[in-house]
Amino acid sequence: MMKVFWSNKGTEFDIKATSLDTISSLQEILATETKIPSHAQILLTADGAELNSGSRVGDLALQGSPAVYLFDRACVFEGAPADENMRTETYDPMVTSSTEGCFQLLNNASHSSSTANILVMYQKHFQDQRVQAKAFLESSGKRTKEAKSILRTSEIQMCSLLSAGNNLRHYYESMFKHFSNFKDDFDKIVERNKDLFETFERDLKDLRDVELHAALKTSKQKTLLDMLQEGELRSYLSKFRDRHTHLSQKVEELNLQLENVGSDVKSGNGSLDDELAKLQKQLMEATQTHVDNSIMTNDFVKDLDWINKKISAISESDLKDLITEISARDEKHCNALKRAHTNQQVPLHVLVASRQLGSKIRSHFYAKLAKISHLQTQVRSGMKKMALFKNMAEDLKRRHRKLSKIQQLPSIYSRCMGETKRRIAFEKSFTDLIANFQKKLEQHHREETERRRDFAKESMSAHFFPYLMHGPPKVDIHVDRKNSGKLPDVCDPQELESLKPRFADSLVEERKDPAEAQAMRDEVERLRLELNCSSAEITALKAENMKIAKAHAGAEESLRNTLTAKQTLEAMTCKLRAVEAEKASLEQQLNDAKQDSAATQNLAQVSLELSEVTKENESLKQRLRAKNDEMEKFHAVEQKLEDTEKALAKCQSNNAHLELLGGKIRDEKRALEGELRDMSMKMAMLLQEKRSLSEENSGLKAKQDNREMWKTEAASRIAYKGFQVNDTAIFFERKGFYVAFADGAPNCFLSLENQQMMKGKPKFAVGKIIHITRKRAESSNNSDNPYNLPIGTVYNELTVEVLKVEP
């Protein structure tokens, strides 16, 4: 059984549920019982865990504490419904007569009335007392029952609020944990960005201090900073700073919002819990009053029955004693009714207080539910904002990485220059090596020519061998000793000597066709790997063959031992047969001796020999069983030996195959090495092709430079009719500001950012426009109207890349 508390109604009921039932089936049962659709049900446990429709009851460990709180979504969002069943009845008891006045009347009447009349009056008086006690009992019972029902409803609603508060606390703690981690990471981002903002101007100064190489210098680019678009870089930094500031403010606002939500989440129910506990204690007193009224009523009923019996069977002699006893009981009844009348105020007070408190708790319940729903909405909104802020923080990281690269540009430029020097030194070393090789070749050619001529003169006739009169064919290697690169010589002679390579093979490798050389390297490396793998496999097979040979030798040794044991077994079997034959003969002799009375003396000796033979027979049988076991092991070893011989044959065949494959690989390797040597003979052809390609590239480069020169010239023309991005404008100084020279385009000023970067007060400045900002003079403040224009004037602020400044 599972106990379900309907939070909105404050009622409870039991649902039959097992550990195998799903929450969805439980929701269908609740929809039938409460008329609340399944999609509008919210099921929470006492600790605030929300039940999913796909889970099972047993998975949630609800059987140990089978209590579930049911909430109606409609009531949560619509608020408290009107209370139509608000009761005002106080269940006042009907007072038949005043107990004390009736008692006094009976005392006065006892002196003047007859005895029979007194007994009748006492009988009627006891009847009235019973009716009064019953009225007190009914009144206290109704008041206590209604107060108990109201307090139970209030208790259920307060527990439901506790469950909903626990659910909200879970959401908030999870969200706050994620936000704390995000806040720590974001603080690190803020610290790094702060360092970048502080060092940005210094980094730009470092870039401005690095002069470009002479081959890279132009009229517009003289320093490393000129190669970058400083205006765009500063605009990018400004956007980066704005986004950084905006995101920092939003994160702080979200932090304050979460702190406020946390304070609201931790808020309790005020004094309602104390009032409810106090009223529950008073309800216990009211319950005790009801119990006392019940006991009093039972006593009155018994006394009424007693007096009825006494009146019907009383005698004249016992009348006086009866009246005395009746008076005593009447006095006891009057005192009990007085106490009951006084204690009747306790259930009344509890009933009124419980109604008031129930109304307060009901209003507080719906208000707190609405507040919890609002706080959950804020928490979910905070989660969405935090996800958005995470994306914005990632964007800040990317922008930080992009701007932080300007700190590395000087070192990158230095490494590039070093690499350029190394390559120029390499090319010079290569040309020197080729020149030396050509000199040695010419010298060797002359020596060979002289040797052939001397040989022809001494031993041969020139008519038969005319080629001996001439030298071998000449090989001309033309090397352009001028630097074929774009950069001029940037290496001193000592540095050049230290960077010369020691081996000519590295030079040959540098000047070969890269694709073909790489293909050859890959093929050779692949063959080398295959040969290594084959060698490793052959080594492994050899080791396995050694293991198999050792196992074969061990098996042969075991086989020999088994054969020896087999021969021993056969000998023992023969001996056993002889012993059995001897045993049979001895038994026959024993039987004969038993039949022959004359052989009685030899009977004991024969019996002794028979027992010894029996013992020997048993020992031989045991040894025979042991030998049979050894024979089974021998057969197993023979089977294993056959398997080993098969595996050995297979390994030998694989070994032969691998040796054949290794021979093929070695032949292919030798062939490839021959091809590699042949490729080195194509060196002169590749050099010739390089020289022709260099000449073609020089012509194309000259054409390209000429085209770029005309483009630069066209772009350098100063615009004055109107301005667009990438136009060139000239600015003249006027009243402390620089105004663009224009015809029909007034109020075009050089940006304050550019003016701050200029040194002194130049007469004019020429720059390439990279950004145009259109503004309006809104007031006379310097921030809104930096150029002192009339209010309402529209002006353009031009951000340029400064090309020339006239001091």
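Bear in mind these aren't lab numbers, they're just calculated from the coordinates by the rules spelled out. Note that the structure is a prediction, hence the values are computed from the model and not measured. Because the Cβ atoms are built from the backbone with ideal geometry, glycine has one as well, and the counts that use them run over all protein chains shown.
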- request: Please work out how much length the chain gains when fully extended from Ala67 to Lys615, using 0.36 nm per residue of separation minus the C-alpha to C-alpha distance, in nm with one decimal.
  value: 189.0 nm
- line: If R0 = 56 Å, then Ile295 and Lys16, at their Cβ-Cβ distance, give a FRET efficiency to the nearest 0.05 of 0.90
- request: At 7 Å along the Cα-to-beta-carbon direction for both Met546 and Glu325, put a label point, then send me their distance in nm to one decimal.
  value: 12.4
- prompt: Glu394 to Glu173: extension gain in nm, 0.36 nm per residue of separation minus the Cα-Cα distance?
  reply: 77.1 nm
- prompt: Say the cut-off is 29 Å between C-alpha atoms; which of Lys35/Lys385; Lys402/Lys721; Lys385/Lys775; Lys583/Lys627 go over it?
  reply: Lys35/Lys385; Lys402/Lys721; Lys385/Lys775
task: Determine the gain in length on full extension of the stretch Ile42-Glu582; use 0.36 nm per residue of separation and subtract their C-alpha separation, reporting nm with one decimal.
output: 184.3 nm
- prompt: Over what distance in Å are the Cα centres of region 159-201 and region 379-394 separated?
  reply: 10
query: Using the beta-carbon distance between Asp195 and Ser248 and R0 = 25 Å, what value does 1/(1 + (r/R0)^6) give for FRET efficiency, to the nearest 0.05?
result: 0.95
task: Extending each Cα 7 Å along its Cβ direction at Asn655 and Phe732, get the distance between those two points in nm, one decimal.
output: 10.2
